[in-house]
1. Given that just one value was derived from the coordinates, which of (i) 1.05; (ii) 0.98; (iii) 1.25 is Rg/Rh (Cα atoms, Kirkwood Rh)?
2. Take the chain, connect every pair of alpha-carbon atoms lying under 10 Å apart with a spring to form a Gaussian network, then pick out the residue of Thr104, Thr60, Thr20 with the largest mean-square fluctuation.
3. Take Thr10 and Thr107, extend 7 Å from each Cα along the Cα→Cβ direction, and tell me the distance between the two endpoints in nm.
Amino acid sequence: MPAITATSMTGSLVRTITETTLNGSTDSFVYNSDRRAVLTLRNATAGALTPVVDGNGGTTVPVAGVGNVDVSAGYSAGSVAAGAVVAIPLDTIKEFLRGTIAVTGGTGMIGTLYEF
């Protein structure tokens, strides 16, 4: 299971970015809520892919004015066209990131995790 390793973006000057080619079944990463983290997914394949980011501890979350929202199926990044890149600020989907986190449905994508 390839793990997407975070690259620290704090400080100055150049840093080496760690990219991980996803195998699509269970690619993992660790979400550090103390850092502002962004996950990028670049589709390096010839077709569209629909990756899902899912923590295995997510169930339902109470949302003011809405009620309980089910997050158990994970967060879908939607259809990502061949050659396209999406960026997901992880603090905006933190409720989906409880427990052990996996990215599925992204075989051949290049994952990069930045922490600020």
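1. Computed from the coordinates, Rg/Rh (Cα atoms, Kirkwood Rh) corresponds to (ii).
2. Highest fluctuation among the options: Thr60.
3. 3.9
Quick note: the coordinates plus some simple rules give every number you see, no bench work behind them. Since we're looking at a predicted model, the values are computed, not measured. Glycine also receives a Cβ, built like all others from the backbone with ideal geometry; neighbour counts cover every protein chain displayed.
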